[in-house]
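Scroll down for the structure; my scribbles are underneath it.
What follows draws every value from the coordinates through simple rules; no lab data is involved. Because the structure is a prediction, the values reported are computed rather than measured. Cβ coordinates were reconstructed from backbone atoms using ideal geometry, including for glycine residues, and neighbour counts include every protein chain displayed.
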Amino acid sequence: MNERDSEAVAAQLVAKGYTLAASETVADVILLNTCSVRDAAEQKAIGKMQTLAAETRRNRPEVVLGFMGCMAQSRGQELIDRLPDVDLVIGTQKFHRTADYLDDIFAGKRDKVVDVAEEQGSEATIREHVLNGNTASKPVTAFVSIMQGCNQRCTFCIVPYTRGAERSRGIADVVAECRELVGRGVREITLLGQIVTSYGRREIPARDGKSGFVQLLEAVHEIDGLERIRFTSPHPKGYGDDLVEAYGRLPKLVESAHLPVQSGSDAMLKAMHRGYTREKYLGIIAKLRRVRPQMGVTTDIIVGFPGETEADFEDTLSLAREAEFDNAYIFKYSPRRDTPAADMPGQLPQAVKEERNARLLALVNEIAGHRYDALVGRSMEVLVEGPSKRNAARLMGRTRCNRIMVFEGDANQRGTLLHLQIERAGSFTLYGRMANGES
Ligand code: 5AD
């Protein structure tokens with residue numbers, strides 16, 4: 001989501017006559033888009049800004065430095081008090097004002113700008129894409145932001161305080177953006193929101209038992225030339241029958257779900273305010289795999305939540321085994337300001353968090369390894385995205401279930417769908433080759 005927000009700001013600046021700098025050492029404006037989900041992310045952004053300030057202030061004092069996004073939103077003026085070299089602090093509902101504020105600063109009208117106010121309608125301002133930018137090749141995949149904010153209030157999470165209340169864009173507006181992208185060569189779109197399954201909950205009435213989100217999926221599905229639809233991230237409780245059933249009839253909806261579970265212990269899920277039990281969660285995965293047996297499921301898990309016992313943690317280990325995740329992003333619980341969990345009793349020592357993190361990571365890697373190995377010998381469809389990151393002589397594509405496949409191919413296959421034979425599985429990567437008869 002942050003990448004998408006940054007891209008929209010970059011596109012808005014380009015539209016105003018700015019150009020994307022090749023690197024920060026030659027840029028006149030350096031904006032850091034920030035994340036507040038864990039303290040480590042905030043510390044990293046602050047450290048980076050300190051380095052930038054030291055470097056630029058010595059040789060190029062005119063460079064404008066700014067923070068955007070969640071940390072800007074939650075800390076506001078405090079950031080300039082602590083780092084006086086910072087010129088600009090732009091909150092999560094003000095990304096689209098960046099160009100105007102920069103103009104003011106360059107024109108000498110304002111010295112410093114801090115804007116972290118709420119703004120009605122800001123959910124519809126993350127719209128522009130850097131399509132022609134400086135890259136010779138047009139993108140094959142794109143992210144489209146469909147909503148902002150979150151009303152869920154999980155007890156560990158700072159997002160409702162940094163991103164504000166849920167606000168959704170209209171269906172026609174989202175579809176128009178998707179259509180434009182497809183017109184420029186995009187074949188796969190990922191719909192983005194904090195909790196996409198809550199899309200339109202207040203704005204769009206259910207129709208024939210279908211939620212606003214399912215109505216949006218249907219509308220995007222209609223776009224000719226679009227091959228694949230992904231979305232992230234949903235909330236497990238958003239998998240009503242209407243969404244499960246949509247998988248049965250919308251072929252562009254790929255077999256992939258990022259379903260954050262957070263814990264396998266019912267006691268922890270309750271303390272986290274997640275709104276589902278372990279059994280309910282596993283039931284959702286089972287339903288999805290019944291409709292689409294190839295469904296790849298990834299998740300987010302927090303270890304060391306306040307009060308988590310060894311038995312609670314073992315419930316998480318056993319859930320990971322039962323769910324057979326393709327991958328899991330594991331996070332050590334990090335107390336966040338203003339969140340209920342930060343003040344809960346039973347805060348755990350860092351060493352316990354580290355130890356649980358390592359045990360879970362080993363298990364997740366083992367399960368994923370088996371799942372990837374089991375695919376060797378099979379044929380799968382990939383959408384070719386471009387050169388492989390590690391070896392530019394090879395191409396990289398993604399399967400519908402969101403696994404990366406690397407293969408020998410021709411650069412002009414970019415943007416096409418190919419059926420590849422899987423020859424080998426590495427760590428979270430498949431290696432394929434063109435099946436006989438295809439060239
Ligand atoms: N500590 C650790 N991990 C967190 N996440 C959210 N808040 C916290 C926190 N306070 C994780 C959750 C979420 C992911 C984006 O970040 O797993 O799904």
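Quick rundown of the values:
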item	result
Sequence-distant aspartates and glutamates (8 or more away, or on other chains) whose Cα lies within less than 15 Å of Lys270	Glu279, Glu308, Asp312, Asp315
Within the stretch 81-104, backbone nitrogen closer than 19 Å to the virtual label 7 Å beyond the Cα of Asp173 toward Cβ	91-99
Amide hydrogen neighbours beyond the local backbone of Phe305, cut-off 5 Å, H modeled	Tyr333
Per-residue Cβ neighbour rank within 10 angstrom, fewest leading, Phe106, Phe67, Phe313	Phe106, Phe313, Phe67
Segment Asp111-Asn365, extension gain: residue separation times 0.36 nm, minus the distance between their alpha carbons	86.4 nm
Exposure rule at most 14 other beta-carbon atoms within 10 Å, DSSP loop trypsin sites (Lys or Arg not before Pro): the chain longest free segment	203-336
Which of Thr277, Thr299 has the fewest Cβ neighbours within 10 Å, and the rest in rising order	Thr277, Thr299
Most mobile of Gly397, Gly369, Gly17 in a GNM of the chain (Cα contacts under 10 Å)	Gly17
Integer Hz, Karplus 6.51/-1.76/1.60 couplings in order for the stretch 25-42, x for Gly and Pro	6, 10, 7, 8, 9, 10, 10, 9, 8, 10, 10, 10, 4, 10, 4, 4, 5, 5
Rel. contact order, % - alpha carbon contacts under 8 angstrom, at least six apart, the chain	10 percent
Cα-projected label distance for Thr309 with Asp85, points at 7 Å along beta-carbon direction, nm	5.1 nm
For the stretch 32-46 and the stretch 181-259, distance of Cα centres in Å	30 Å
Sites matching GluC sites (Glu not before Pro) across the stretch 216-258 that sit in DSSP coil, with at most 16 neighbouring C-beta atoms within 10 Å	Glu222
Value of [θ]222 nm, deg cm²/dmol, for the chain, DSSP H segments ≥ 4, -39500 (n - 2.57) each, nearest 500	-10500 deg cm²/dmol
When the convex hull of its Cα atoms is projected in every direction, mean area for the chain (nm²)	22.0 nm²
Placed amide H near Leu253: partners under 5 Å, 5+ positions off or other chain	Ile229
Cross-link partners of Lys112 among lysines (Cα-Cα below 30 Å; sequence separation of 8 or more within a chain)	Lys16, Lys44, Lys48, Lys94
Val114 long-range amide H proximity, modeled H, under 5 Å	Val89
Positive-pole candidate from Ile195, Leu226, Gly170, dipole of the stretch 154-238, charges at beta carbon	Ile195
Using θ = phi - 60° and Karplus 6.51 cos²θ - 1.76 cosθ + 1.60, couplings along the stretch 300-306 (whole Hz; Gly, Pro as x)	10, 9, 9, 10, x, 4, x
In Hz, Karplus ³J(HN,Hα) per residue of the stretch 239-246 (6.51, -1.76, 1.60; θ = phi - 60°; x = Gly, Pro)	7, x, 4, 4, 6, 4, 5, 4
